[in-house]
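> Sharing a structure, written as structure tokens. Questions coming.
Nothing in this text is a laboratory measurement; each read-out follows from the coordinates by a stated rule. Worth saying up front: this structure is predicted, and the values here are computed from it rather than measured. In this analysis, Cβ positions are derived from the backbone assuming ideal geometry, glycine residues included, and neighbour counts consider all displayed protein chains.
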Amino acid sequence: MRIRVANESDYAELRNIYLESRRKNFHWADIDEMTLEDFDNHTVDEYIILAEEDNHILGFASLYLPDNFIHNLFVHPDFFGKGVGGLLLDASIEKMNKPLRLKCVSDNQKAMKFYENKGWKKVVEEGHSGEKYWVMIYE
């Protein structure tokens, strides 16, 4: 498995991963409102890296470099639990300056546990009912 910078020719597959992963895992959200275009709208001005194996994209992370912020980290549902997320997280940490930040939806218990197991700390819970998230830091 290798990590590389995404390019425009990867976007069709990245859109699908973003949509499929959210539809499968975001039980708190309305999946009918999710579209392929969400990927483009949610990654504007971001540095995108991806994990691939045998020319097949397994997942991606989008980073907002000016703020050392991990905005998105998504793995295709078929590759959960195979180390893809950890490799993307490590590559993201290497690309930016500490401390790093991210936000994780409070209802996303799997992701919260993943980040905490990788050394991230919860700082503050923000948002309002139904849309709460934890701001997390990595130092």
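> At a Förster distance of 41 Å, what's the computed FRET efficiency of residue 56 paired with residue 129, Cβ-Cβ distance as r, to 0.05?
E(calc), rounded to 0.05, equals 0.55.
> How far is it, in nm, from the label point at residue 47 to the one at residue 25 when both lie 7 Å from their Cα along the line to the Cβ?
Going by the 7 Å Cα→Cβ label model, 2.2 nm.
> Moving on to the next point. So what are the ³J(HN,Hα) numbers for segment 5-19, from phi and the Karplus equation (6.51, -1.76, 1.60; θ = phi - 60°), rounded to whole Hz, Gly and Pro as x?
Using θ = phi - 60°, the values come out as 6, 6, 10, 3, 5, 8, 4, 4, 5, 5, 4, 5, 4, 4, 5 Hz.
> Please give the contour-minus-distance gain from residue 97 to residue 78: 0.36 nm per residue of separation, less the Cα-Cα distance, rounded to one decimal in nm.
3.7 nm
> What is the sum of charges around residue 36, taking Lys and Arg as +1, Asp and Glu as -1, for the other residues whose C-beta is under 13 Å from the C-beta of residue 36?
Every neighbour counted, the sum reads -3.
> Rounded to the nearest 500 deg cm²/dmol, what is the calculated helix-only ellipticity per residue at 222 nm for the chain, with -39500 (n - 2.57) per DSSP H run of length n ≥ 4?
It lands at -8500 deg cm²/dmol.
> How big is the C-alpha Rg of the chain next to the rule-of-thumb value 2.2 N^0.38 Å, as a ratio?
0.99
> Summing +1 for each Lys or Arg and -1 for each Asp or Glu, what net charge is found among the other residues whose Cβ lies under 11 Å from the Cβ of residue 3?
-1
> Which net charge results for the neighbourhood of residue 112, defined as the other residues with beta-carbon distances under 13 angstrom from its beta-carbon, given Lys and Arg at +1 and Asp and Glu at -1?
+4
> Using R₀ = 30 Å, calculate the FRET efficiency as 1/(1 + (r/R₀)^6) where r is the Cβ-Cβ separation of residue 117 and residue 16; round to 0.05.
E between residue 117 and residue 16, to the nearest 0.05, is 0.65.
> Can you give the alpha-carbon Rg of segment 6-70 over 2.2 N^0.38 Å, where N counts its residues?
Segment 6-70 yields a ratio of 1.14.
> Which three extents, in angstrom, do the Cα atoms of segment 32-82 have along their principal axes, listed largest first?
Projected onto the principal axes, the Cα atoms of segment 32-82 cover 31, 29, 20 Å.
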